[in-house]
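Laboratory data are not the source of any read-out in this text; all were calculated from the coordinates shown. Everything numeric here is computed off the predicted structure, so don't read it as measured data. Quick reminder, even Gly has a Cβ in these numbers, built from the backbone with ideal geometry, and neighbours come from all protein chains shown.
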Amino acid sequence: MSARTLSARRRREAGLAYLLLLPALIIFAVFTFYPFLKNFKLALYQNPPYPGLPSHFVGLHQIGSVLGSSSFHQSLISTLLFVLMVVPTGLLGGLVLALAAHRQLKGMAGYRMIFSSTVVSSVAVAAVVFGTLMDPVVGLLPWLGLNPHPAILDNPTWALPAVAVIAIWQFLGLSFIIMTAGLQSMPDEVLEAARLDGAGSWTMFWRVTVPLLSPTLFFGLVVGTIYAFQSFGQIDILIGPQNAAFTHTNVLLYYVYQALSIQNDPGLAAVLSLVLFFILLALTLLQLRFLERRVHYAGA
Amino acid sequence: MPERENAVPTRRPQQRLRLAARYLFLTVGAIVVLFPLYMAVVNSLLEPSQIAHQPPPLIPLHPQWHTYPDAWSGGHMAVYLRNSAIQTSIIVAGQIVTSILAAYAFAFLEFPFRRSLFVVFLMTLMIPFEVTVATNLSTVSSLGWFNTFPGLTVPFLATGFGTFLLRQAFLQIPRDLREAAQLDGYGHLRFLWSVAIPLVRPAIAALGVFSFLGAWNQYLWPLLVTGNDNSVRTVQIGLKQLLNTQLDQLNVSLAGTVIAVAPLIILLLIFQKQLVRSLTAGAVK
């Protein structure tokens, strides 16, 4: 084959490759990268108090005033509290259920199906279902003798934990699936050997299972944290924009939503979006570093 | 059930006790996990006055089946379900097609900037959709796509995760197979269609189930682009609407909720393996 036809074939192959990548690249360019980068510009422009007027360049002023505002601080604190309530509880719950169901025993397939099931419930479904259970009149709380005033979802102290319970329930299915997959990928011989060495079940758990499971735990931590930062549907459905700030449930993403569709303030939304992005980026990088140092790799 | 415990007769009573404790724990866990959805089903079959009864009835003694047809037509659940089915099908099909094409290029073709372009695909995983919403809204509105299916779906027609998943699957295909096919006169597209795609069908199924779950349960974007128009509103936003408009008819709202979650329960029952596979891609190995 001559060099000429070879390079012609190479060029044809490259052409085909770009053609195959094109559809995805167009979507990414228009709906991911362009709007992401546009945030940096929008953050520098302040929107007028009345619609119709042009927005004007204010440089870093808007970023400073948003980051310094008390509503931003409140939102950030609520978001972090929400994440702290949801992620560890969801991971622990998933792990405990996965350990309990990790035996070749009769009926385990059924239990596994049940424990995974909450993964399919959408935020709207979860919100409506739990909203009914938490209702001050028709719910279970009066019957249980737990009926704070104002009602739990209007209560500045209890609204955030209540919404977190919904998110934990929803996250439990995913957490269980991740933990089960991790347990199933653990080499049986190691566990068997430890058992023959006379390790008790508690020692086994801390000395063998947890180290072997650490990659799974970290994966769950990353996925769970991102999930928690992106939750706001429960709050929108059960609490709503008028009450979110008062009940301390105005999490970052809900704040973004309100800036966009209620306050019509793309500049504010852009600043908040960038904060959200950098938090998620930092978490991912931090966890990656932590992962490299701490995590036990089989055979290492 | 063949009991391994038989081998050690002396420890049997203790082990049976442990086994019983394990089943007890699992059953309590299952009840806790299922309780909210169970109560939704129960309450959907009660009269509103019965729902408020304390203690709450745990079994519907006189089930009111009419709530389901009420939610279906009166609550527009039929329309919302149809809309969600259309929206979800477009997104799933689009993601599968664009991912297959891109993944094939990354796995089987040689071209300049292959690595950098792959990094570009992976970078999309670092940018949450929420961060792009502000500008996407104005893009969609300038295209005249408010309250339309293109507006609901086009931003989601490509996925970095799906491309990554399918590229990994394509890389498992032995190179010899491509060379053999080449000698048989197969071009790339024919090889892709009749050899590569059939071989990675499990990975495609995993991606499909994953996309389905994500698309069906979308909340933020449909909330923003379907405004107050019934004609393209999805099930999730419809549920919010149903709850707002029929507070005195909580049973109908809950019937709507059960209708909204039913397709996904069926999906889970049929495709549990594929779903688990896609959700844990990257967790193990």
*Förster radius 56 Å - calculated FRET efficiency between A:A193 and A:Y45 (Cβ-Cβ, nearest 0.05)*: 0.30
*Provide the per-residue ³J(HN,Hα) series for segment A:135-152, in order, calculated from phi with Karplus coefficients 6.51, -1.76, 1.60 and θ = phi - 60°, each as a whole number of Hz, with x at glycine and proline positions.*
5, x, 9, 9, x, 8, 4, x, 5, 7, x, 10, 9, x, 10, x, 3, 3
*Using 7 Å Cα-to-Cβ label points, what is the A:L84/A:S261 separation (nm, one decimal)?*
3.0 nm
*Can you give the Rg and Dmax of segment B:174-243 based on its C-alpha atoms, in angstrom?*
20.8, 63
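Run through every distinct alpha carbon pair of chain A and return the Kirkwood hydrodynamic radius in angstroms, one decimal place. Display every interim value, and only then the final one.
On the way: mean 1/r = 0.0435 Å⁻¹.
Taking every pair of different Cα atoms in chain A, averaging 1/r and inverting gives 23.0 Å.
For B:K273, B:K240, what's the fewest-to-most ordering of other Cβ within 10 Å of each Cβ? Working shown, then result.
Details: B:K273 12, B:K240 21.
Least to most surrounded, the residues fall as B:K273, B:K240.
With a cut-off of 8 Å between alpha carbons and a minimum separation of six or more residues, what is the relative contact order of segment A:69-294 in percent?
Values: 230 pairs, mean separation 68.6, N = 226.
Reported as a whole number, the value is 30 percent.
How do A:19-26, B:159-166, A:138-145, B:173-180 rank on mean C-beta neighbours within 10 Å, highest first?
On the way: A:19-26: 19.1, B:159-166: 24.4, A:138-145: 15.5, B:173-180: 11.9.
Taking the mean over residues of other Cβ atoms within 10 Å, the ranking is B:159-166, A:19-26, A:138-145, B:173-180.
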*If you wrap a convex hull around the C-alpha atoms of segment B:4-64 and split its volume per residue, what is the figure in Å³?*
115 Å³
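Hey, any idea what the orientation-averaged projected area of the convex hull of the protein assembly as shown's Cα atoms comes to, in nm²?
Working: hull surface 133.4 nm².
About 33.3 nm², averaged over all directions.
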*Specify which residue in the list B:L37, B:Q15, B:T27 is farthest towards the positive end of the charge dipole of segment B:4-64, using unit charges on the beta carbon of Lys, Arg (+1) and Asp, Glu (-1), about the Cα centre.*
B:Q15
*Take B:W221, B:W145, A:W206 and order them by how many other Cβ atoms sit within 10 Å, fewest up front.*
A:W206, B:W145, B:W221
_5 angstrom amide H check on A:Y45, placed H, neighbours 5+ away_ = A:V58
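Once you have a ≥ b ≥ c as the square roots of the Cα gyration tensor eigenvalues for segment A:5-104, tell me rounded if a/c is under 1.5, and otherwise prolate or oblate according to whether a/b is larger than b/c.
Working: a/c = 3.96, a/b = 1.08, b/c = 3.67.
Oblate.
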_In Å and on Cα atoms, what radius of gyration and Dmax does segment A:81-144 show?_
15.3, 44
_Rotationally averaged projected area of chain B (alpha carbon convex hull; nm²)_ = 23.5 nm²
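Sort B:I96, A:I152 by Cβ crowding within 10 Å, fewest neighbours at the top. Write down the numbers at each step before the final one.
Numbers: B:I96 19, A:I152 23.
Fewest-to-most ranking of B:I96, A:I152: B:I96, A:I152.
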